[in-house]
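**Q** I'd like to ask you about the structure that follows.
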Amino acid sequence: MDDLIEDFIAETRETLEALTSQLVEWERRPNDRALLDSVFRFVHTVKGSCGFLSLPRLLRLSHAAEDVLSAARDGEVDVSAGLVTAVLAVIDRVAILTEALESGVSVYDDDDILTGALRQYLHDKPADLVTGPVGEAGDALAHEDSPLRGKARTVRVSLNLLDNLMSGVSDMVLARNEVSRQLRKVSSNADLDLSFARLSSSVAELRDAVGMMRMQHIDKLFSALPRLVRDIAIELGKEIELRIDGSEVEVDREMVEALRDPLTHILRNAADHGIESADERRAAGKDPVGHIRISARQSGNQIIIDIVDDGRGINVDKLGIRAIAANVTTIGEWQTMSPRARLNTIFTPGLSTADSVTSISGRGVGMDVVRNNLQAIGGTIELENYEGHGLKITLRLPLTLSIIAGLSVRAGTQIFGIARSSVVEMVSTSNPNATFEELGGRKIVRIRNKRYPFKSLAEILGIAHDAHTAGESRTLMVMRPAVGTTFVLEVAAVIDNEELVVKPGAPLVMGNGLFAGTSLPDNGRPMLLLDASGLGTAMGLSATDRDDHEINIRADVESKNNGPSALLFIATDGRKQGIRLSAIERMEDIEVTQIQYVGGRTRVSADGGLYDLWEYKSAPDDGLVKVLKLSDGDSACYLAVSDVIDIFSIAGDIVPSAQPEQHEGVVYAFGEPVELRNMFGFFETYDRTRRNRGSDALCFIDCPDDSHWERTILAPLLTASGYKVSFDEHDQSRAAIILQRDVAKARERATDPRAIHLRDSNHSLNAPIASIYRYDGVGLISAIEEKLAGCA
Amino acid sequence: MTNMLYLMADLAGSRVAIESSQVESIVHLPDVVPVPMCDPSIAGIFALRSRVLTLIDTQFHITGVQKAAHKGTLAVVTEIAGHQYGLLVDKVHDVVSIAIAQAESNILPPAAWNRYVDQVATHEGELVMILNTEALVSGQPALAT
């Protein structure tokens, strides 16, 4: 029996989640039969199970709801907002009681009020239907319907089991890495290597699959929102329409939980403060119905959620007055702030532009909490304010909580990990741009005219440093923690750039606030992950965001005066050159074994893809090639370099180059003229294949089934040129080009503008019809292109 | 009168017993990575398969002297409040059954041990202290008392 109840609880809970958004939809379209049916079906199922499991309260509630819904289905009762509210109240109570069943908490029994509210709508119905015996109405329908509901087949598995599986697979991956290391030492047995490669790839697949198990549709999070907005809208007497896009985006299970509060808060704010009353909206010439749109999408390893409302936006002047009144800023500061910095004061604790505190929001605990919650999971929040027209809030979140892009750094003899997102830039101490100063005992470092507080990691952690011999270069990392001031951290060396699997640390380890967790890299030696904010605090820096606008100002100034940034590097031919920083995705060292000359050019296989490698000259002794990974937003390629020197900003004019295809021009870097590389050439080839692929024109080849030439020579040529090829008769009608060798067929199609005739002989003299020699590849492709251009 | 299984171990020179249901395994430590700037009772972190465990310097709790954790030293793996820990021990003996009735209620452990010992029992005529593993990782350093 207990099992049955547990199943009932789980099933009811699941159906409820799925149902919430439908309920609101139903209110908007009360006569939508399908929606009404699914609500009815839910209530009916609950009623049925309750009768079976003898749960009298749930039975009474669901029975009352079923009666009303059944009457509504038969058209005897109009579905009004009031009726929906009454039904929702009952469904809410069902949810509470179901939870109570599990937790064993008792819920105050005022169910009669709820059922009473429902019965009002049945006032003109005979009494016996209301109180009548359970389970007459609608039974037939429910029976024929329920088995028909097409649902993806799923199995319910306990989270513990899932976690065990996860850690089991991680163990396996580690063991595989260990075996691979051992194998490399001893074996030159090709068979063994082959079997190991197979094992290795299936382990990788398994790991990916298990990773997917942790993922959930973000719908799980979104499905509750329509109801939330509806309730707020009714409470405030506004009309609000919520649109949700991208429910199919998948996110980490934990992320769904972590996002729930911030998202709810943002929505409440939007509905309460953002959307004006209908009268106000009409006066402003807007649609009296307020609109809120939520959309989620995945971009690379980020999830981006936009929340857009068409309300009044943030009144920045009012915000300023509040901020000054609350001593958050001074009038002078406010005037010098960039618009962006002004807007961002909304994240200051205790600040709100709401005139009145409502039951929903405006208590001043608001955006700061939202931002902190997001930052805690590695996300960011951005505002785009259109005063009078609305507000767009963009949340950027990492794809999973458990894997971060990290750097491993060395302090003393120990290796630590740090999230790459908190590192702004890295500079070597030998760099002439970095100078050291002191202010009353506190060390300060100046990097390109900007001063930062500075301390070495070894000093903060109290690790014995290796004697700091003069001339030995160390690395300075400019850190911008999620909370707190930007500072510079000195480490002995940056070791690697890798994906780190974050494992929570024991409370005793995390207690000092310096660490964000632990990680286990492939070498099997555990590593502590540093917490950037914690390090800042340990340096005695304030944990407030005072320099937030400072950064913004700096960014503004930079964009005004200094122009874009570029990277100065030594090319493989030994010359100093510059390249625009915005095109560089990252710098890395790749192993020589990853480089191959295939398909007519040097390529790198990395991250499961094949990328072009430019200017690769020779393999260095240590087997590691320094490369820049360049990206134009869609595609990527690598550029081999001898060394990377520093970042500079392109100031002044760019002197035109004599070879514009290679160099954009000549610029000054640290007083020296250097060539600025032209990015165009690196991506041109890529774009050619992509462009072709985009054309997608279908070529139908008319030939006998056994014709060898068409299948093995012609079709690949066309595919490589970016056309789709078909041998299927049915495709003939929609094909853009028809190719044939048969003269009889060529005569038939003499008037078809799509047809191209191919001849076997090099000479065209005897051919009765205009044709192209079948090995004239260039001629064929240009003929196809001409035809396509003619069609267009 | 129930018999419970206990793991007998040596800790800071004394014989202790740890209830066997709390013992997940006994391992020879791999490399131990020190954790800077933290509670002195933390000897470091170490990897056990794909998990990262915290190593507790049990001896420090008792004697106030830190014990160096070398590769190969024995540790008892236990899970407390969702986190896994290794407890440093000098030596492990057998798993034995001790009847609760054999507990000696009138003998109190010495002051240094008092926080970490549930009760004193006899096994084969010898007194043993039954360890409270949770107290060892409660996060309250012995210095605070």
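**Q** Hydropathy first: keep DSSP H helices in chain A averaging at least 0.5 on Kyte-Doolittle, then drop any whose Cα extent along the axis falls short of 24 Å, and list what survives.
**A** Qualifying helices: A:33-53, A:81-103.
**Q** Per 20 Å bin, what is the whole-percent P(r) computed from every C-alpha pair distance within the protein assembly as shown?
**A** With 20 Å bins starting at 0, P(r) equals 10, 29, 36, 21, 4, 0.
**Q** In addition: About the Cα centre of the protein assembly as shown, how large is the charge dipole given +1 on each Lys and Arg Cβ and -1 on each Asp and Glu Cβ? Please answer in debye to the nearest 20.
**A** That gives a dipole near 2220 debye.
**Q** Ignoring ligands and nucleic acids, what accessible area does A:Met426 show with a 1.4 Å probe (Å², nearest 10)?
**A** Around 90 Å² of this residue is reachable by solvent.
**Q** Another question about this same structure. With every protein chain kept in place and ligands, DNA and RNA left out, what is the accessible area per residue of chain A? Probe 1.4 Å, answer in Å².
**A** Per-residue accessible area for chain A comes out at 52 Å².
**Q** With a 10 Å radius around each residue's Cβ, average the other Cβ atoms per peptide and rank A:640-653, A:321-334, A:35-48, highest first.
**A** Details: A:640-653: 16.6, A:321-334: 14.6, A:35-48: 21.9.
Going by the mean number of other Cβ atoms within 10 Å, highest first, we get A:35-48, A:640-653, A:321-334.
**Q** Note down the magnitude of the dipole of segment B:36-97 about its Cα centre, charges +1 on Lys and Arg C-beta and -1 on Asp and Glu C-beta and zero elsewhere, to the nearest 20 debye.
**A** On the way: 5 positive and 5 negative charges, 45 e Å.
Taking the Cα centre of segment B:36-97 as origin, the dipole is about 220 debye.
**Q** Then there's this: Let me cross-check A:Ser726: its accessible surface, 1.4 Å probe, with only protein heavy atoms counted, in Å² to the nearest 10?
**A** Per-residue accessible area (A:Ser726): approximately 10 Å².
**Q** Please compute, for peptide A:164-171, the average count of beta-carbon atoms on other protein chains lying within 10 Å of each residue's beta-carbon. Present the calculation step by step, with values, prior to reporting the outcome.
**A** On the way: counts 0, 0, 1, 3, 2, 1, 3, 4.
Partner Cβ neighbours, averaged per residue: 2.
**Q** Please compute the average number of Cβ atoms from other chains found within 10 Å of each residue's Cβ in peptide B:125-135.
**A** If you average over the peptide's residues, the count of other-chain Cβ atoms is 0.
**Q** Along the charge dipole of chain A, which of A:Thr45, A:Pro704, A:Gly540 sits closest to the positive end, that is, farthest toward it, with unit charges on the beta carbon of Lys, Arg, Asp and Glu (+1, +1, -1, -1)?
**A** A:Gly540
**Q** Tell me the GluC sites (Glu not before Pro) within segment B:1-89 that lie in a loop according to DSSP and have at most 16 other beta-carbon atoms within 10 Å. Provide the component values of the computation, followed by the final result.
**A** Values: sites: B:Glu19, B:Glu24, B:Glu79; in loops: B:Glu24.
Passing sites in segment B:1-89 are B:Glu24.
**Q** Let me ask you something else. What accessible area, in Å² to the nearest ten, does a 1.4 Å probe give for A:His389?
**A** In the full protein context, A:His389 sits at about 130 Å².
**Q** Still on this structure: Which one, A:Phe683, A:Ser202, A:Ser54, is farthest towards the positive end of the dipole of the protein assembly as shown when Lys and Arg carry +1 and Asp and Glu -1 on their Cβ?
**A** A:Phe683
**Q** Oh, and also: Mind checking which of B:Ala43, B:Tyr6, B:Ser97 is farthest towards the positive end of segment B:1-124's charge dipole, using Cβ charges of +1 (Lys, Arg) and -1 (Asp, Glu) about the Cα centre?
**A** B:Ala43
**Q** Still on this structure, please answer the following. Determine the order of B:Trp113, A:Trp614 by accessible area, beginning with the largest, at a probe radius of 1.4 Å.
**A** A:Trp614, B:Trp113
**Q** Just add up the charged neighbours of A:Ile415: K/R +1, D/E -1, any other residue whose Cβ is under 13 Å from the Cβ of A:Ile415.
**A** That works out to -2.
**Q** Lysines within cross-link reach of B:Lys91: Cα-Cα under 20 Å, excluding same-chain residues under 8 positions apart?
**A** Partners found: B:Lys67, B:Lys71.
**Q** Continuing with this model, one more query. Leaving ligands, DNA and RNA out of it, report the carbon-plus-sulfur percent of the accessible area of the protein assembly as shown at a 1.4 Å probe.
**A** 52
**Q** Quick one: compute the contact order of chain A, relative version, from alpha carbon pairs under 8 angstrom and 6+ residues apart, as a percent.
**A** Relative contact order comes out at 6 percent.
**Q** Which value, in debye to the nearest 20, describes the size of the charge dipole of chain B about its Cα centre when Lys and Arg Cβ atoms bear +1, Asp and Glu Cβ atoms bear -1, and nothing else is charged?
**A** Numbers: 7 positive and 14 negative charges, 73 e Å.
In debye, rounded to 20, chain B gives about 360.
**Q** So how much accessible surface do A and B hide from each other in total, probe 1.4 Å, in square angstrom to the nearest 100?
**A** Buried area between the two chains comes out at roughly 1900 Å².
**Q** While we're here: What does the average come to when, for each residue of peptide A:528-535, you count the partner chain Cβ atoms lying within 10 Å of its Cβ?
**A** 1
**Q** Still on this structure, I have one more. Quick one: 3J(HN,Hα) in Hz for segment A:327-340, Karplus 6.51/-1.76/1.60 with θ = phi - 60°, rounded, Gly and Pro as x.
**A** Per-residue couplings from phi come out as 6, 6, 8, 10, 4, x, 4, 4, 5, 8, 5, 6, x, 5 Hz.
**Q** Here is a further query. Ranked from the most accessible area to the least, with a 1.4 Å probe and all protein chains present, what is the order of A:Glu235, A:Glu14, A:Glu66?
**A** From most accessible down to least: A:Glu235, A:Glu14, A:Glu66.
**Q** Report, by chain and number, residues whose modeled amide H sits under 5 Å from the one on B:Lys67, excluding near sequence neighbours (fewer than 5 apart, same chain).
**A** For B:Lys67, whose amide H was placed from the backbone, the distant partners under 5 Å are B:Phe60.
The values are calculated or read from the model by the stated rules, or taken from the named source; none is laboratory data. Bear in mind that the values here come from a model prediction, so they are computed numbers and not experimental data. Because the Cβ atoms are built from the backbone with ideal geometry, glycine has one as well, and the counts that use them run over all protein chains shown. Areas reflect the complete protein model, heavy atoms only, side chains present, ligands, DNA and RNA absent. Shrake-Rupley method; radii C 1.70, N 1.55, O 1.52, S 1.80 Å.
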